[in-house]
Amino acid sequence: MADDLYPRFSEKEMASRRRSIFAAMDVAGASHLVAYGADRSGTAIPWLTEWPTTQEAALLLSPGETPRLLVQHYNHLPNARRIALDCQVEWGGSSTITRLEQLLQARLTPGQKVGVVGPLRYGAFQQLAGSVGELVSLDGEYQRLRLVKSPEEIERLEVAARLSDRAITAIAQEVAVGMDEREVAAIVETAYLADGATNHIHYFAATSMSDPGQCVPSQFQSTRRLESGDVLFCEISANYWGYAGQVLRTFTIASDPTPLFVDLHRAADAAFDAIAAAVRPGARAAELVEASGVIEEMGFTIYDDLVHGYGGGYLPPVLGTRSRPNLPIPDLTLEEGMALVIQPNVITPDEKAGVQTGHLVVVTEDGHRSLHDAPRGLIRIAG
């Protein structure tokens, strides 16, 4: 393309996505589709147009019609017009939903249904339904379209994984005793910002190994300062244009691990290896849960999800273990091209101590392939 200022998927890839969503609409009996996003939430608009939703956006798709992308705020229009592909981009006006109503009323014929994908607010849903008639949720159909990744999507995930790994390397090299968790977050983001990635998540937990009091990473960084004898464990995801890696690692601070943390990490490594060995096309989600039994056999449990689908959202299967159920276990069979995060967050039953390990993998013809190269294991840093 002439405009190569931003990462792009191929025209073939984008056309395939449009065909897939039109096919899902046809099965659901929907003649038109509204994809909605707001406050950087909602993955359908970037998947279908490449525009990363900022304040608010709504995409109207109808077979045989020019797609219309409504964008808020007005000053976001120039950038949206440079980035969004194969659609007419316009301002949503004083009300994106009201403008959407006008466009739909011009396209609808009696008896037609409108499909909806994305986090459409209740009030907006009611407003549309009151003026254009029956709305049909296609969120489930859209999620199913995102489970198996195309080769181009896997390439994008590989970039995101490499940048996420770079953050793990930066932690190992730059974290020092006396830093607080916010300073660790700054090290993480600096590792990938210059290459076009942004923060998706960076979760941390830091606690004393001799007197632990935290078993799972926190979503918000505290002012607690790292001390010699601490354990630091993290979950890092750099987002590269709608696709994020995910790598989870545990470090000890200026000290060797205590016996408890050696045992916790040994259980986490064993669980990861057992689950990874079970990943293959045709494997059932229940088999991954069964493979995690080593955690309970060693006297531990988990807090975080054991496994989850990834790439375009937090996707099925989302799994727990025997001692931390996430029921019901989905009746889902793995397919080649699915992306999974295997992440055993092994903790003590009293929830005072824990470790985290794991990363993003892709299901392959003969098993799985890791997208991350960050070294595994319990790593001593900062002296």
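Of the residues making up segment 308-342, those that are crowded, with 17+ Cβ neighbours inside 10 Å, within 23 Å of residue 159 (Cβ to Cβ) and touching a helix residue (DSSP H, G or I) at 6+ places or on another chain (Cβ under 9 Å) number 10.
When the residues of segment 311-323 are narrowed to those that are without any contact (Cβ under 8 Å) to a residue 60 or more places away in the chain, assigned to a loop (DSSP other than H, G, I, E, B) and in contact with a Leu (Cβ under 8 Å, 6 or more places away or on another chain), which ends up farthest from residue 245 (Cα to Cα)? Among them, the one singled out is 321. For segment 215-248, a residue qualifies if it is in contact with an Asp or Glu (Cβ under 9 Å, 6 or more places away or on another chain) and assigned to a strand (DSSP E or B), and the qualifying residues are 218, 225, 232, 235, 236, 238, 240, 243, 247, 248. Looking across segment 127-141, the residues that are of a type in the set (A, V, I, L, M) and either surrounded by fewer than 20 Cβ atoms within 10 Å (Cβ to Cβ) or not assigned by TED's automatic domain parsing to the domain that holds residue 63 (or both) come down to 129, 135, 136. Only one of 237, 218 is under 23 Å from the mean Cα position of the chain (by Cα), surrounded by fewer than 22 Cβ atoms within 10 Å (Cβ to Cβ) and either in the same structural domain as residue 312 (by TED's automatic domain parsing) or not aromatic (Phe, Trp, Tyr) (or both). Can you tell me which? Only one candidate qualifies: 218. Quick check on residue 295: is it part of a helix (DSSP H, G or I), in contact (Cβ under 8 Å) with a residue 40 or more places away in the chain and under 24 Å from residue 335 (Cα atoms)? Here the answer is no, as residue 295 does not meet what is asked. Pairs meeting the criteria (first residue in segment 187-201 and assigned to a strand (DSSP E or B), second residue modelled with pLDDT of 95 or more, beta carbons under 6 Å, at least 6 apart or on different chains) are 198/239; 199/189; 200/237; 200/239; 200/244; 201/237.
Scan segment 63-111 for residues that are charged (D, E, K, R) and within 16 Å of residue 36 (Cα to Cα) and jot them down. Selection gives 68, 90, 99, 101.
Among the candidates 372, 308, 368, 359, the residue that is part of a strand (DSSP E or B) and either under 30 Å from residue 176 (Cβ atoms) or not assigned by TED's automatic domain parsing to the domain that holds residue 156 (or both) is uniquely 359. Does residue 322 meet the test of being among the basic types (Lys, Arg) and modelled with pLDDT under 95? Yes: the conditions hold for residue 322.
To keep it simple, each residue is scored yes or no on (1) modelled with pLDDT under 95; (2) under 27 Å from the mean Cα position of the chain (by Cα); (3) aliphatic (A, V, I, L, M).
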site: 108; (1), (2), (3): yes, no, yes
site: 116; (1), (2), (3): no, yes, yes
site: 121; (1), (2), (3): yes, yes, no
site: 124; (1), (2), (3): yes, yes, yes
site: 130; (1), (2), (3): yes, no, no
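Of the residues 247, 231, the single one that is over 12 Å from the mean Cα position of the chain (by Cα), touching a residue at least 12 places away in the same chain (Cβ under 8 Å) and surrounded by 16 or more Cβ atoms within 10 Å (Cβ to Cβ) is 231. Of the strands (runs of 3 or more DSSP E) contained entirely in segment 20-126, those carrying at least 2 residues that are free of Cβ contacts under 8 Å to residues at least 40 places away in the same chain, crowded, with 19+ Cβ neighbours inside 10 Å and of a type in the set (A, V, I, L, M) fall at 56-61, 68-72. Do we find that residue 77 is more than 22 Å from residue 4 (Cβ to Cβ), of a type in the set (A, V, I, L, M, F, W, C) and at pLDDT 95 or above in this structure? It is false that residue 77 is more than 22 Å from residue 4 (Cβ to Cβ), of a type in the set (A, V, I, L, M, F, W, C) and at pLDDT 95 or above. Taking residue 186 as the residue in question, decide whether it is surrounded by 18 or more Cβ atoms within 10 Å (Cβ to Cβ), within 29 Å of the chain's Cα centre (by Cα), not polar (S, T, N, Q) and not assigned by TED's automatic domain parsing to the domain that holds residue 69. Spelling it out, it is not the case that residue 186 is surrounded by 18 or more Cβ atoms within 10 Å (Cβ to Cβ), within 29 Å of the chain's Cα centre (by Cα), not polar (S, T, N, Q) and not assigned by TED's automatic domain parsing to the domain that holds residue 69. Can you run down the residue pairs with Cβ atoms below 6 Å, 6 or more apart or on separate chains, where the first is in segment 156-177 and under 13 Å from residue 249 (Cα atoms) and touching a residue at least 40 places away in the same chain (Cβ under 8 Å) and the partner is of a type in the set (Val, Ile, Thr) and in a helix (DSSP H, G or I)? Cβ pairs passing all conditions: 167/188.
Is it the case that residue 166 is modelled with pLDDT of 95 or more and outside the structural domain of residue 245 (by TED's automatic domain parsing)? Criteria not met by residue 166.
The values are calculated or read from the model by the stated rules, or taken from the named source; none is laboratory data. On a predicted model such as this, the values are computed, not experimentally measured, just so you know. Neighbour counts are summed over all protein chains in view; Cβ atoms, including those assigned to glycine, are modelled from backbone coordinates with ideal geometry.
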